[in-house]
Amino acid sequence: MSVIALDGVSTDPLAAPDATGEVMLDIEVAGALAGGARIAVYFSTFDEKGVIDAINAVINDIKHRPSVVSVSWGWDENQPFSNGILWSPAAIAHVNDSLLAAAHLGISVCVATGDDGAEAQLKDGRAHVNFPATSPYVLAVGGTTLHVAASTRGGTHVNEVVWNSGPGSGTGGGISDITPRPPWQDGIVPPSINPGHFAGRGIPDVAADADPQTGYFIMSGGRYGVVGGTSAAAPVWAALLARANALLARGSAISTRCFTGSSDPRACCGIS
């Protein structure tokens with residue numbers, strides 16, 4: 001595994017145990033599903049500049065040459081986050097430009113939609129979705145939960161349904177207030193329920209198990225535990241795409257890339 005530090009951030013795993021757990025979740029899920037993958041983790045600051053610098057580092061990485069990136073990092077469109085971060089229109093445009101450049105290079109970007117349902121931690125009576133999951137140039141990954149039920153033949157089978165454990169605990173998703181609805185969602189995705197009823201992009205595009213009750217057994221800080229979140233679902237899909245890319249390349253090595261914010265457990269991690 002390669003570690004790439006950007007903007008002078010620390011990569012000391014003991015400095016921020018919660019953030020380390022987030023990073024380990026992405027790496028372990030990706031590594032388990034994409035056996036033999038070469039993993040690179042990009043660390044940056046938890047702000048607008050940090051995510052832009054991380055994406056640009058991935059795009060320009062001629063050493064590792066990523067093919068898929070998984071991002072577990074985002075916050076609500078045009079709303080302040082806990083430390084005062086605000087997605088300005090200029091920052092959103094810059095991130096979208098970088099994501100478009102990644103798409104032109106054939107790099108798939110999987111982005112987690114969040115774990116707070118439609119409230120996105122704001123609790124202001126409006127529906128919210130996270131950026132960059134709403135970018136038109138990414139695969140937005142939501143969350144499901146698993147239920148084991150008895151079958152008619154005396155065995156068991158697993159049902160997979162949307163993860164919704166109540167307010168503030170469930171897959172992120174909904175209608176963007178900034179990204180227009182793409183043509184392929186016309187007639188399928190309704191307008192936003194927020195004032196103005198913007199006809200925006202609907203997310204997620206795909207989903208995977210994200211409920212902590214049916215989550216992933218990982219090790220972080222010398223301890224084992226079961227965790228979940230769409231931060232796990234995103235690397236699931238990224239690993240699957242990496243495996244598909246390897247098969248399409250007729251057995252060439254799987255390449256895995258990660259990038260993560262260094263100061264917050266809700267930062268981001270990616271694989272490719």
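The table for this structure:
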{"read-out": "Test result for VAL141, closer than 29 Å to PHE198 by Cβ and assigned to a strand (DSSP E or B)", "value": "yes"}
{"read-out": "Residue list for region 135-159, restricted to those being hydrophobic (A, V, I, L, M, F, W, C) and without any contact (Cβ under 8 Å) to a residue 40 or more places away in the chain", "value": "VAL148, ALA149, ALA150, VAL158"}
{"read-out": "Residues satisfying the stated conditions in region 219-251, i.e. in a helix (DSSP H, G or I) and among the charged types (D, E, K, R)", "value": "ARG243"}
{"read-out": "Flag for TRP163 being among the aromatic types (Phe, Trp, Tyr) and surrounded by fewer than 23 Cβ atoms within 10 Å (Cβ to Cβ)", "value": "no"}
{"read-out": "Within region 33-134, strands (runs of 3 or more DSSP E) holding 2 or more residues that are within 28 Å of VAL162 (Cβ to Cβ), in contact with a strand residue (DSSP E or B) (Cβ under 8 Å, 6 or more places away or on another chain) and in contact (Cβ under 8 Å) with a residue 40 or more places away in the chain", "value": "68-71, 108-112"}
{"read-out": "Residue within region 36-47 that is surrounded by 17 or more Cβ atoms within 10 Å (Cβ to Cβ), small (Gly, Ala, Ser) and at pLDDT 85 or above present", "value": "yes"}
{"read-out": "Test result for TYR224, among the hydroxyl-bearing types (Ser, Thr, Tyr), surrounded by fewer than 15 Cβ atoms within 10 Å (Cβ to Cβ) and touching a strand residue (DSSP E or B) at 6+ places or on another chain (Cβ under 7 Å)", "value": "yes"}
{"read-out": "Matching option when the condition is within 25 Å of ILE203 (Cβ to Cβ) and touching a Leu at 6+ places or on another chain (Cβ under 6 Å), among VAL29, VAL68, VAL51", "value": "VAL68"}
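The values are calculated or read from the model by the stated rules, or taken from the named source; none is laboratory data. Note that this is a predicted model, so its numbers are computed, not measured. Every residue, glycine among them, receives a Cβ derived from its backbone with ideal geometry; neighbour counts consider all protein chains shown.
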